[in-house]
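**Q** Sharing a structure, written as structure tokens. Questions coming.
No lab work stands behind these numbers, since they all come straight from the coordinates. Everything numeric in this text was worked out from a predicted model, so none of it was measured. Methodologically, a virtual Cβ is constructed for each residue, glycine included, from the backbone with ideal geometry; neighbour enumeration extends over all protein chains shown.
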Amino acid sequence: MVIRSKIGFVLILAYIFCSPTAATAFQSHPAPEGLYVHQLAHWFFILAMVMLAYWLQVNSFTREKGWRLIQVSCILLILWNILAFTGHWVEEMIPNTVISGEPDWTQRIVVDSVWTGLYYAFKLDHLMQVPAVICLLLGIRSLYKHAAREEQIGDR
Amino acid sequence: MTGNSYSLAPVWFTDVAGSALIILLSFLAVWYAVRLARTQPSNVIWTYLLWLCVALAGFAVSRGVGHIAKRFLLLMDMRDVWVSLRPYSGGINTIAFVVVASVTLFFQRVHKMNIGILKDKEALEKAGQEVMRLNRNLESLVRHRTEELSRSEEKYRRIFEGSMDMIFILDEQGGFADINHAGLEILGFQNPENFIGTLSLAELFASRDEFDKLMADLQSNGFVRDRQCRLHTKVGTEIFLLLSATSRKDSFGKIVSYEGIAKDVTARLHMERQIQQAEKLASLGQISTGIAHEINNPLGVMLGYTQLLLRDRAAGSQIYDDLKTIEKHARNCKAVVEDLLKFARSAQTKKSRVDVNQCLEEVVALLGHQLELDKISVETRLESNLTSVTADSEKLKQVFMNLLMNSRQAMSGKGRISVRTESDPGKAVVRVIFSDNGCGIPAEHIDKIFDPFFSTKPAGEGTGLGLSVSYGIVQDHNGRIEVESRPGKGSAFTVELPIHEDENMNSAPEKNGPTD
């Protein structure tokens, strides 16, 4: 009795595997999803930087120069994220025809609307990001020097 | 709608240079963060910053490399390569965003953790400081108490060791647990190791009953005060101690030890006994002198008339024999009277420089045969070059003979008599010691042996004047005669004679009898 039921089970499984049809279980993810994920990641980044800047403030970390610089870095990164997010959005808005020439420094852009003007400006986002990273570096360096000095005092 | 055309060169250069700068700066930040974390490894905020910098460096690399790669691939007309790399670059860049943001959001958690750690650290430091403080206090307290204890111990140890009296501690069985130096000296021991833990007080007591009574009193009353005890030293010398002791009990009321102090009163007792003896004998001497003088004259008359009557009577007749008996007893009486006078120092002494050893040798030779017959051996240890003394040699011989005879009588059957002489330049005396292993003198008789007519022999076997006469003669020489005895073990008589005699060589008879 038991052997007969096992044989039946095996036969059913063999039928299922040997008769495939179209797989419809998963959803397809076309190209725009990448941009959306990237944009959401910018917001996530903004959220994280806002929180860090806020926590540094409420926890009185900013009384130290190093942490103050890190807080400034957070604010600059927030601004950069906003620029980048807006830049990506604006890039989608403007037609490809406004940019001409070979893809090198000789390329030119025709600023025929506010969007293209903004696009041009947002493309210079490194001018915001580099100072942000410089502030971060200076902040950490300041914290390191302070800690090293404390250690030296402690050693004495 | 037409507009102005602008060059994108600033964008191009800003993108490339900015990306490269960001990579460089972010790695510099990682480097500082590493150094910061190494400076204070226990600080989790620095660890957090290190992770944040690492994430940002990753982000900078993913983004910067992507941007630079795009610019150069397009520049080198490799659009296809860029198109195929672009999704990966963008994807990695997005992931880096998320990672940086995720790490950043851990700040508050890390901060709270750090606060907790700092609080714990502070609490630990406080506890450590408190422990250190307590430890220091404890150390100081222990040092202070130890010093106090040491001072106290030293003080009591000084009292214990410096005491001239015996201080001792007994265990619950009566064994010595500790004893001071004076105690050891009194009991004749040198080394405490051979004493403590091996001997018990009972073994030193002369009488077991006396010890049992002492312990019974200690157990019942908890103390004894000024109890006179008789003990034997290591060499067997008898000593008297005035002992006060207490018993110590544990919380259950069980006796755990006895502590006591004992004063050696042997010398004092001896002195008291000698004074009493001397006073008694002085009184007896006075009485004896009076009686002897009163009896001596009638006795002389009686003896004279008896001798006159004997001249007129033929020998062998009844009256002649009777008169002879009267004469014999009168002579006996006269001998007794003469002895009494010797005791009372009323007899004439003829003093000269005398060799005591020679006197002793003569006496021992005289009595040697008789002692040999009695199976008594005489051992003489005479100091060579013994200082001569000023004395009446005949009287000295009489003293030595009396003492030897006394020792002989103390023995039933065979025995041993030892005669020893020694000089004591410190005290300027010559000492003659007669010791025997006879029956000894009972304690109740020891004070009476120098009394005239005191004798333990049956009536008729002795006059009881031998030791009294010896005493009188020695006193007449300004010497001393002492006795030590242990019943059942023997006695020792010590005669001390002064080396220098200040008095006249021939002393006149004294009227007052023996004095101390």
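**Q** With θ set to phi - 60°, apply the Karplus curve 6.51 cos²θ - 1.76 cosθ + 1.60 along segment B:480-488 and write out the HN-Hα couplings as whole Hz, x wherever there is a Gly or Pro.
**A** Computed from phi, the couplings for segment B:480-488 are 9, 10, 10, 10, 10, 8, 10, x, x Hz.
**Q** Further, regarding this structure: From Cα pairs below 8 angstrom and at least 6 apart in sequence, can you work out the relative contact order of chain B, rounded to a whole percent?
**A** 10 percent
**Q** Considering amide H positions built from the backbone, and no H for Pro or chain starts, which residues 5 or more places from B:Ser7, or on another chain, come under 5 Å of its amide H?
**A** The list, which skips near neighbours in sequence, is A:Ile109.
**Q** Another one. What is the order of A:Thr97, B:Thr349, B:Thr325, B:Thr266, fewest Cβ neighbours within 10 Å to most?
**A** If I rank by nearby Cβ atoms, fewest first, I get A:Thr97, B:Thr325, B:Thr266, B:Thr349.
**Q** Moving on. Mind telling me which of A:Ile46, A:Ile78, A:Ile109 comes out most flexible in a GNM of chain A, alpha-carbon contacts under 10 Å?
**A** Largest GNM mean-square fluctuation: A:Ile109.
**Q** So what does log10 I(q)/I(0) come out to for segment B:41-101 at q = 0.12, 0.20, 0.27 Å⁻¹, using the Debye formula with one equal point on every Cα and no solvent?
**A** The Debye formula, applied to the Cα set alone, gives -0.38, -0.73, -1.00.
**Q** Also, I was wondering about something else. Under a straight-distance cross-link criterion of Cα-Cα below 24 Å, which lysines are reachable from B:Lys234, leaving out those fewer than 8 residues away in the same chain?
**A** B:Lys213, B:Lys263, B:Lys489
**Q** Bin all alpha-carbon pair distances of segment B:1-151 at 10 Å intervals from 0 and give each bin's fraction as a whole percent.
**A** Per 10 Å bin, starting at 0, the Cα pair percentages come out as 10, 21, 20, 15, 11, 8, 6, 4, 3, 1, 0, 0.
**Q** Place the peptides B:111-124, A:111-124, B:18-31, A:8-21 in order of packing, highest mean first, counting for every residue the other Cβ atoms within 10 Å and averaging per peptide.
**A** B:18-31, A:111-124, B:111-124, A:8-21
**Q** Same structure again: If you bin the C-alpha pair distances of chain B every 20 Å from 0, what whole percents do you get?
**A** Going from the shortest bin to the longest, the percentages are 15, 26, 16, 8, 8, 9, 9, 6, 2, 0, 0.
**Q** Starting from the alpha-carbon convex hull of segment A:32-155, give the projected area averaged over all orientations, in nm².
**A** One quarter of the hull surface, i.e. the mean projection, equals 10.4 nm².
**Q** Under the Karplus relation 6.51 cos²θ - 1.76 cosθ + 1.60, θ = phi - 60°, what is the ordered set of whole-Hz ³J(HN,Hα) values for segment B:238-255, x standing for Gly and Pro?
**A** 7, 10, 10, 10, 9, 10, 10, 8, 10, 9, 10, 10, 8, 5, 8, x, 8, 5
**Q** Find how much the distance from B:Val83 to B:Ser5 grows on full extension, using 0.36 nm per residue of separation minus their present alpha carbon separation; answer in nm with one decimal.
**A** Using 0.36 nm per residue and subtracting the Cα-Cα distance, I get 25.4 nm.
**Q** Oh, and also: Summing Lys, Arg as +1 and Asp, Glu as -1, what charge do residues with Cβ under 13 Å from the Cβ of A:Leu35 carry, A:Leu35 excluded?
**A** Charge balance near A:Leu35 sits at -2.
**Q** May I ask for the equivalent-ellipsoid semi-axes of segment A:103-156, computed as the square root of five times each C-alpha gyration tensor eigenvalue and listed largest first in whole Å?
**A** 46, 11, 4
**Q** Report Rg/Rh for segment B:352-498, rounded to two decimals, where Rg is the Cα radius of gyration and Rh the Kirkwood radius.
**A** Result: Rg/Rh = 0.94.
**Q** What lysines does A:Lys65 reach when the alpha-carbon gap must be under 23 Å and sequence neighbours fewer than 8 apart in one chain are set aside?
**A** A:Lys145, B:Lys112
**Q** When the Cα centres of segment B:214-287 and segment A:1-64 are compared, how far apart do they sit, in Å?
**A** Rounded to whole Å, the Cα centres lie 107 Å apart.
**Q** Just tell me, in residue order, which DSSP H segments of chain A are both 15 angstrom or longer along the helix axis (alpha-carbon based) and at least 1.6 in mean Kyte-Doolittle hydropathy.
**A** Helices passing the filter in chain A: A:2-18.
**Q** If you put +1 on each Lys and Arg Cβ and -1 on each Asp and Glu Cβ, how big is the dipole of the protein assembly as shown around its Cα centre, in Debye rounded to 20?
**A** The calculated dipole for the protein assembly as shown is roughly 2980 debye.
**Q** Would you list, by chain and number, the lysines whose Cα falls below 26 Å from the Cα of B:Lys395, excluding same-chain residues fewer than 8 positions away?
**A** Cα-Cα hits under 26 Å: B:Lys280, B:Lys328, B:Lys334, B:Lys342, B:Lys350, B:Lys351, B:Lys427, B:Lys448, B:Lys457, B:Lys511.
**Q** Write down Rg/Rh for segment B:163-264, rounded to two decimals, with Rg from the C-alpha atoms and Rh from the Kirkwood relation over Cα pairs.
**A** Answer for segment B:163-264: 0.94.
**Q** If you don't mind, another one. Please give the Cα centre distance for segment B:307-345 versus segment B:83-101, rounded to the nearest Å.
**A** First find each Cα centre; the distance between them is then 161 Å.
**Q** Non-local amide H neighbours of B:Asp392 (under 5 Å, H modeled in plane, Pro and chain starts lacking H): which ones?
**A** B:Ser352
**Q** Another question about this same structure. Hey, quick one: spin label on A:Tyr36, modelled 7 Å out along Cα-Cβ, who in segment A:65-97 has an amide N within reach, i.e. under 16 Å?
**A** Those under the cut-off are A:89.
**Q** If amide hydrogens are placed 1.01 Å from N in the peptide plane, which non-local residues have theirs closer than 5 Å to the one on B:Ile376?
**A** B:Gly415
**Q** Okay, moving on. Using only the alpha-carbon atoms, how far is helix B:356-373 inclined from the longest principal axis of chain B? Give it as 0 to 90 degrees, nearest 10.
**A** Once rounded, one gets 80 degrees.
**Q** Next up: Work out from phi, with θ = phi - 60° and the Karplus expression 6.51 cos²θ - 1.76 cosθ + 1.60, the ³J(HN,Hα) of each residue of segment B:97-109, listed in order in whole Hz, and give x for Gly and Pro.
**A** 3, 5, 5, 4, 5, 4, 4, 4, 5, 7, 4, 4, 5
**Q** While we're on this one: Write down Rg/Rh for segment B:90-205, rounded to two decimals, with Rg from the C-alpha atoms and Rh from the Kirkwood relation over Cα pairs.
**A** 1.69
**Q** Also, I was wondering about something else. At q = 0.13 Å⁻¹, what log₁₀ I(q)/I(0) does a Debye calculation on the Cα points of segment B:271-343 give, no solvent, two decimals?
**A** Taken in order of the listed q values, log10 I(q)/I(0) reads -0.51.
**Q** Here's something else I'd like to know. Determine the principal axes of the Cα atoms in the protein assembly as shown, then give the extent along each, sorted from largest to smallest and rounded to whole angstroms.
**A** Reported extents, whole Å, longest axis first: 208, 86, 46.
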